[in-house]
Amino acid sequence: MPRPSLFILLSLAAAPLGAQAARPAAADPASSVSADLEMMREEQAFGALATEFLAAAAAGDSARVVRMISAKLQAQAGAAQVAQVVRTRVLPFFAERPEPAGASTVTRTTTGFGDQGFAYYRYAARRGGADARPFVLYVVREGGKLVVANVVVDYHVEGRHR
C-alpha cells in the first residue's frame, strides 16, 4: 500500500491518540434521530468547503488549496512543508483522479487542537471511474472559519471506506 500523506503524521503529532478518540453516547432512539438530523444540517457548509477543496486540488490550484488548509497545521508543520506536501502528494493524487467514486462516509471529528467538524471518507477515480483510490478529508471550524484540517490520500480506513 502506498505511504499515507505527511498530513496524517502531522495531525497525529498534534495530540495523543486518546485525545482524538470519540466516546460512544448512550443509545436513545429519539435523541439519536434528532442528533442525526442536526448533524445533516450542520454538515452542509462543511461539505461545501470539502467540494471546493477537491475542485481546486483536481485543477492543480496549489495556492488556493494551501489557503484552505488550517493555519494551526501550517504553523505547527511549517508553511513550506505544507506547500511541498500539497505539490508532491495532494495535487498529483487529485489531478490523476478528479472524479468522485463509490460510497462516502461522513463522521464528526475533533482535531488535536480541539477544533470540531467532519471527516469525509471517500474515493477518487480517473475519468470514467477507473482506478478508484481512498482518501480522507477533515474539515473543521477553526476560530470561526471553516478550514481543511487534514487530507490523507491513498489511505484506506477500515469500517469508514465502503
Item to check | Residue among THR51, THR109, THR88 that alone is within 20 Å of ARG141 (Cβ to Cβ), assigned to a helix (DSSP H, G or I) and of a type in the set (Ser, Thr, Tyr) | outcome: THR51
Checklist outcome for this item: If we ask which residues in the stretch 125-150 are in contact (Cβ under 8 Å) with a residue 40 or more places away in the chain and over 25 Å from GLU38 (Cα atoms), their number turns out to be 2
Item to check | Checking ALA101 against (1) at pLDDT 95 or above; (2) not in a loop (DSSP other than H, G, I, E, B), the condition it does not meet | outcome: (1)
Checklist entry - In the set ARG133, ARG141, ARG89, which member is under 14 Å from the mean Cα position of the chain (by Cα), surrounded by 14 or more Cβ atoms within 10 Å (Cβ to Cβ), of a type outside the set (S, T, N, Q) and on the phi < 0 side of the Ramachandran plot? => result ARG141
Item to check | Filter pass, ALA57 being surrounded by 20 or more Cβ atoms within 10 Å (Cβ to Cβ), out of contact with any Cys (no Cβ under 9 Å at 6 or more places or on another chain) and either at pLDDT 95 or above or assigned to a helix (DSSP H, G or I) (or both) | outcome: yes
Item to check | Cross-chain or 6+ apart pairs with Cβ under 9 Å, the stretch 67-84 first and under 14 Å from TYR138 (Cβ atoms), then assigned to a helix (DSSP H, G or I) and acidic (Asp, Glu) | outcome: MET68/GLU52
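The values are calculated or read from the model by the stated rules, or taken from the named source; none is laboratory data. Because the structure is predicted, anything quoted here is derived from the model rather than measured. Neighbour counts are summed over all protein chains in view; Cβ atoms, including those assigned to glycine, are modelled from backbone coordinates with ideal geometry.
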